[in-house]
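One structure is given here, and the rest of the page talks about it.
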Amino acid sequence: MKNILLLLGLLLLSSQSKAEDILQKLQSMVNIEPSVEVNLGAAMLGLLSGMTSEEEQVSNVMKNLTEIAVRVYDLDDEAFDGDLVQIKSFINATADEMKSLGMQQLAAIREDDSTVYIMAEMGTDKMQGLSVIALDDDSELVVIKIGGQIMMKDLAGLMNRFDVDLSDIDM
């Protein structure tokens, strides 16, 4: 699962305002600062795409992205006094809402201590955005949002490059 999250960290979108609402709601529910916070816009992604030109597969994915936002919350932090049941409920409700808005659920993991959803806004031959919400071991909450066009052929090459195995995920 860590490989999947790492790969997707390189690559999420709902709609801009919707995704920001989700991040804000989670922030208020968790009520601690993220241990990791990444915000990359189109200009920075363009620069990074040029810097990775020798890694053609990575560069091909990055050149059409408009945004990457990542938040990681350490729920083992002493300052965390949130309700894990409420957070899991919010994650499940958010995934259902994304599906009702036309996003496709690419993967879901629902275990006692882990809840993961990977959602995509699909075009005919490309993704318009990708969203990942993952609560792992009831101790870490990861939210990733990627905006822009993600060509399926480029994504497949990148997954192969990083040895991402999706065989154990409920698709």
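The values are calculated or read from the model by the stated rules, or taken from the named source; none is laboratory data. Everything quoted here is computed from the prediction, not taken from an experiment. Counting neighbours? That spans all protein chains shown, and the Cβs are built from the backbone with ideal geometry, glycine included.
Structure summary
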item: Conditions (1) at pLDDT 85 or above; (2) in contact with a helix residue (DSSP H, G or I) (Cβ under 9 Å, 6 or more places away or on another chain): number failed by LYS99; result: (2)
item: All positions within segment 76-91 that are in contact with a strand residue (DSSP E or B) (Cβ under 6 Å, 6 or more places away or on another chain) and buried (at least 18 other Cβ atoms within 10 Å of the Cβ); result: ILE91
item: Checking GLU121 against (1) closer than 20 Å to VAL30 by Cα; (2) at pLDDT 85 or above, the condition it does not meet; result: (1)
item: Hits in segment 114-125 (condition: in a strand (DSSP E or B) and either surrounded by fewer than 16 Cβ atoms within 10 Å (Cβ to Cβ) or polar (S, T, N, Q) (or both)); result: THR115
item: Scan of segment 88-112 for residues that are closer than 15 Å to VAL132 by Cβ and aliphatic (A, V, I, L, M), ordered by number; result: ILE91, ALA95, MET98, MET103, LEU106, ALA107, ALA108, ILE109
item: Members of segment 92-113 that are surrounded by 16 or more Cβ atoms within 10 Å (Cβ to Cβ) and assigned to a loop (DSSP other than H, G, I, E, B); result: MET103
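To keep it simple, each residue is scored yes or no on (1) more than 14 Å from the chain's Cα centre (by Cα); (2) over 21 Å from ASP137 (Cα atoms); (3) aliphatic (A, V, I, L, M); (4) modelled with pLDDT of 80 or more.
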{"residue": "LEU12", "(1), (2), (3), (4)": "no, yes, yes, no"}
{"residue": "SER15", "(1), (2), (3), (4)": "no, yes, no, no"}
{"residue": "ASP21", "(1), (2), (3), (4)": "yes, yes, no, no"}
{"residue": "VAL30", "(1), (2), (3), (4)": "yes, no, yes, yes"}
{"residue": "VAL36", "(1), (2), (3), (4)": "no, no, yes, yes"}
{"residue": "LEU47", "(1), (2), (3), (4)": "yes, yes, yes, no"}
{"residue": "SER59", "(1), (2), (3), (4)": "yes, yes, no, no"}
{"residue": "ALA69", "(1), (2), (3), (4)": "no, yes, yes, yes"}
